[in-house]
1. Can you tell me which residue in the stretch 71-95 is modelled with the lowest pLDDT, limited to those that are surrounded by 12 or more Cβ atoms within 10 Å (Cβ to Cβ) and outside any helix (DSSP H, G or I)?
2. Out of the residues in the stretch 104-141 that are closer than 14 Å to Ala26 by Cβ and of a type in the set (Val, Ile, Thr), which is most open to solvent (accessible area, probe 1.4 Å)?
3. Taking only pairs six or more apart or across chains, which ones have beta-carbon atoms under 6 Å, a first residue in the stretch 119-139 that is farther than 18 Å from Ser22 by Cα, and a second residue that is of a type in the set (Gly, Ala, Ser) and open to solvent by less than 60 Å² (accessible area, probe 1.4 Å)?
4. Filter the stretch 28-65 down to the residues that are in a helix (DSSP H, G or I) and either farther than 27 Å from Ala113 by Cα or open to solvent by 70 Å² or more (accessible area, probe 1.4 Å) (or both) and list them by number.
5. Taking the options Ser68, Ser112, Ser120, name whichever one is in a loop (DSSP other than H, G, I, E, B) and under 20 Å from Gly172 (Cα atoms).
6. Could you please let me know if Trp129 is outside any loop (DSSP other than H, G, I, E, B) and among the aromatic types (Phe, Trp, Tyr)?
7. Of the residues in the stretch 49-88, how many are in contact with a Pro (Cβ under 8 Å, 6 or more places away or on another chain) and free of Cβ contacts under 8 Å to residues at least 12 places away in the same chain?
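The values are calculated or read from the model by the stated rules, or taken from the named source; none is laboratory data. Quick caveat: nothing in here was measured; it's all calculated off a predicted structure. A quick note on method: Cβ atoms are made from the backbone with ideal geometry, for glycine too, and the neighbour counts reach across all protein chains shown. Heavy atoms of the whole protein, side chains included, go into the accessibility calculation; ligands, DNA and RNA do not. Shrake-Rupley method; radii C 1.70, N 1.55, O 1.52, S 1.80 Å.
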Amino acid sequence: MPETGRLRRTVQFGSGQEWSLSQLGATLAAMGAVAVYLASLSLAAGGFDAVWWALVLLPLLTMSWAGSAAPLAYWALLLFGWFTLTPAGSFSWWSLPAAAGCIVGHAATALSASSPPAGSHTARTARRWARHTAAAFAAAVPVSVLAALLAGRSPGLVPTAYVVGLGGVAVGLVLVRTSPPVDRG
């Protein structure tokens, strides 16, 4: 029992380790985010092979690796799917819900990695991570508007926009990865 005197509920799958309900909630949030991402991808690409839908289950299978590079490789695969399945040079407003799915999926995995499998997250911690997730999505909106304005323009400007956009994503990931939100309390 935790020091606060509250009963912490955990679930154990077979002979594996115990998982807290908040960790399972983060995993379900990651799975829901992947489902939103894949639905957006399907609508933007005009459909895709049904095997892609199996990727929704991967967060459930890899929840014990949340603090490793596995989620990064997973999202790299999903983003690779976006670039290979959507028409080259096209823009779709479905990229906004896809961005929301990507952001929530990453945040849920990062939140899960911030405590041991049987550890719980306080409501304050969840609200803090929700604020950071909302701020990240707020940045996706102007990027989408800029991408919509650049779609169909001269080919010389589009690669530059890709480099600037990917550079911004890389800097953001480095900042979030090296300076995770801290609890001020």
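1. So the residue we want is Phe91.
2. Applying the filter and picking the extreme gives Thr122.
3. Phe137/Ala100
4. Leu28, Ser42, Leu43, Ala44, Ala45, Ala50, Val51, Trp53, Leu57, Leu60, Leu61, Trp65
5. After ruling out the rest, the residue left standing is Ser68.
6. In short, yes.
7. Residues flagged as in contact with a Pro (Cβ under 8 Å, 6 or more places away or on another chain) and free of Cβ contacts under 8 Å to residues at least 12 places away in the same chain within the stretch 49-88 amount to 1.
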